[in-house]
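The values are calculated or read from the model by the stated rules, or taken from the named source; none is laboratory data. Note that the structure is a prediction, hence the values are computed from the model and not measured. Every residue, glycine among them, receives a Cβ derived from its backbone with ideal geometry; neighbour counts consider all protein chains shown.
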Amino acid sequence: MKGVKIFFPAFITVLAMQLNVWAQSKTREAALDFKDEYYNPDYFRYDNFIYSNKIKTVQLFPANNELGAPVIHLGSSEQLHLHFDEEEHQFTQYAYTLIRCDWKWFPVDQLPMEYLNGYAEDYIYNYSFSVNTSVPYTHYELKFPTENMQLKLSGNYVLIVYEKNKENPILTRRFSICEPIADLKANIHQATIVEFMDFKQEVDFSLFLGNLNVTDPYNELKITIQQNNRTDNKVMELKPIFVKGNELVYDQERLNLFWGNNEFRDLNITNHRNYYDYTEKIYLDDSGLYHVFLKPQYSRSFLKYTSKPDINGNYVVNRENALRDKNTEADYVYVHFILKNDFPITNGQVYVFGTLSDWQAKDDFKMKYNYDKQQYECTVLLKQGYYNYMFGVLEDNKKEFDFSYFEGSHWQTNNQYQIDVYFVPNFNKTKYQLILSKTLPSN
């Protein structure tokens, strides 16, 4: 089903100036205290975030790769696909715009006309109503870049989706445009430092710049490393230990260490009537909604490592035996998570964590302690599909999750690492380029 198509006027300078002023004002807002403001839905952030409680199951991925990182190549025909649901059978005319950010995800002081060809904003036209679901919803889909809006520069971008006013978005998503000038050879292995050998993984690599002329590689090359799309433990500010012509060697032994953690726990609700090994019970409530209760889970922190396949904390929407479109036939199900623990943690909170929570400490995924049953509990409304998750502890006044408490940590764990390389010229930092984005398995 298609929405009513509304044509935009030609791109005008006034609109560009308004967008730039708006972006700068949001930068000032970003300086507000993280702890008090970040999870307030009225606080804008250049991050993956949902601002409306009606919006569910937001996904952004490359075409034909639902598990892929949202990165495409500059000047190619590649597209990113955005999917999201709104909890009602009613079409809303949503629009979107793109903001270019620097390598640290702060907005760049540029007019949209400097990084976009065509419109500065456009509408989302494609939508469909859910079919035979107990929770009615409208599914929206956007494929971009489009003929109306093309990107001219590589780098980091934030997609903003809104209804009437871009200052009040319904969602934001990060993505990147890469111009692959450089290359690298990586070696991800057991930590070299003895005290971390059993628990951590070390990411070493050599970077090859090809014909790129970099006069100050120690300051003009910015490296970021992400583990399984997480941002809370991202490694930044790495410097090469030595330079050999156009080859730079990054072998730090300490600064490039990550906790190996454990293989993810899994949840399959593609058929919400099926019982799996981890299913305790399933029932249909009086309002016609399905509830899936999982068997109580226990800490794995003292168990030996066991290899098992997973999708590195991600999820895939699916409904078993869907007739036409899984995106509109998959239903929503209440999933009840239970984590046994003899006593509550006094210096932090426990969360269900993964792509299902946007890798963030969201209230919907915060577990509450039941003193009578000596267990943590959390109930989440999820769309049918296959999910990975872990139980993470976020200690007070910290931003990085600790998974060792309930999941343990092993150097053998299969993780996925994304290495991004930015060239940021000293003379003009807005002219930066994302010259490499590479995803690598740990084993």
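A compact table of results
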read-out: Any hit, the stretch 70-82, residues being surrounded by 17 or more Cβ atoms within 10 Å (Cβ to Cβ), β-branched (V, I, T) and at pLDDT 95 or above; value: yes
read-out: Strands (runs of 3 or more DSSP E) contained in the stretch 321-423 and holding at least 2 residues surrounded by 20 or more Cβ atoms within 10 Å (Cβ to Cβ) and touching a residue at least 24 places away in the same chain (Cβ under 8 Å); value: 332-340, 348-353, 375-383, 385-395, 416-423
read-out: Any hit, the stretch 204-224, residues being of a type in the set (V, I, T) and within 30 Å of K304 (Cβ to Cβ); value: no
read-out: Residues of the stretch 118-142 satisfying the condition of being among the polar types (S, T, N, Q) and under 24 Å from the mean Cα position of the chain (by Cα); value: N126, T138
read-out: Per-region count, the stretch 228-245, residues within 19 Å of Y432 (Cβ to Cβ) and either small (G, A, S) or in a loop (DSSP other than H, G, I, E, B) (or both); value: 5
read-out: Residue check for T379: among the hydroxyl-bearing types (S, T, Y), more than 22 Å from F175 (Cβ to Cβ) and in the same structural domain as D402 (by TED's automatic domain parsing); value: yes
read-out: Condition met for Y298 (at pLDDT below 95 and over 29 Å from K54 (Cβ atoms)); value: no
read-out: Unmet criterion (only one of (1) assigned to a strand (DSSP E or B); (2) under 22 Å from V203 (Cα atoms); (3) out of contact with any Leu (no Cβ under 8 Å at 6 or more places or on another chain)) for I435; value: (3)
read-out: Selection within the stretch 47-101 - within 26 Å of I311 (Cβ to Cβ), more than 17 Å from the chain's Cα centre (by Cα) and hydroxyl-bearing (S, T, Y); value: S76
read-out: Selected residue (criterion: farthest from Q384 (Cα to Cα)) from residues of the stretch 143-174 that are acidic (D, E) and over 22 Å from the mean Cα position of the chain (by Cα); value: E147
read-out: Residue within the stretch 92-105 that is at pLDDT 95 or above, of a type in the set (S, T, Y) and part of a loop (DSSP other than H, G, I, E, B) present; value: yes
read-out: Subset of the stretch 228-262 that is among the aromatic types (F, W, Y) and in contact with a Ser or Thr (Cβ under 8 Å, 6 or more places away or on another chain) - its residue that is surrounded by the fewest Cβ atoms within 10 Å (Cβ to Cβ); value: Y250
read-out: Matching residues in the stretch 303-320 - criterion: being hydrophobic (A, V, I, L, M, F, W, C) and either in a strand (DSSP E or B) or farther than 17 Å from E263 by Cβ (or both); value: V316, V317
read-out: All positions within the stretch 350-375 that are among the aromatic types (F, W, Y) and farther than 26 Å from N229 by Cα; value: Y369, Y371
read-out: Members of the stretch 425-441 that are surrounded by fewer than 19 Cβ atoms within 10 Å (Cβ to Cβ), under 23 Å from E114 (Cβ atoms) and of a type outside the set (S, T, Y); value: P425, N426, F427, N428, K429, K431
read-out: Some residue of the stretch 40-47 being within 25 Å of H139 (Cβ to Cβ), touching a His at 6+ places or on another chain (Cβ under 9 Å), at pLDDT 50 or above and of a type outside the set (A, V, I, L, M); value: no
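To keep it simple, each residue is scored yes or no on (1) hydroxyl-bearing (S, T, Y); (2) touching a Leu at 6+ places or on another chain (Cβ under 6 Å).
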| position | (1), (2) |
| --- | --- |
| E329 | no, no |
| Y332 | yes, yes |
| S357 | yes, no |
| F365 | no, no |
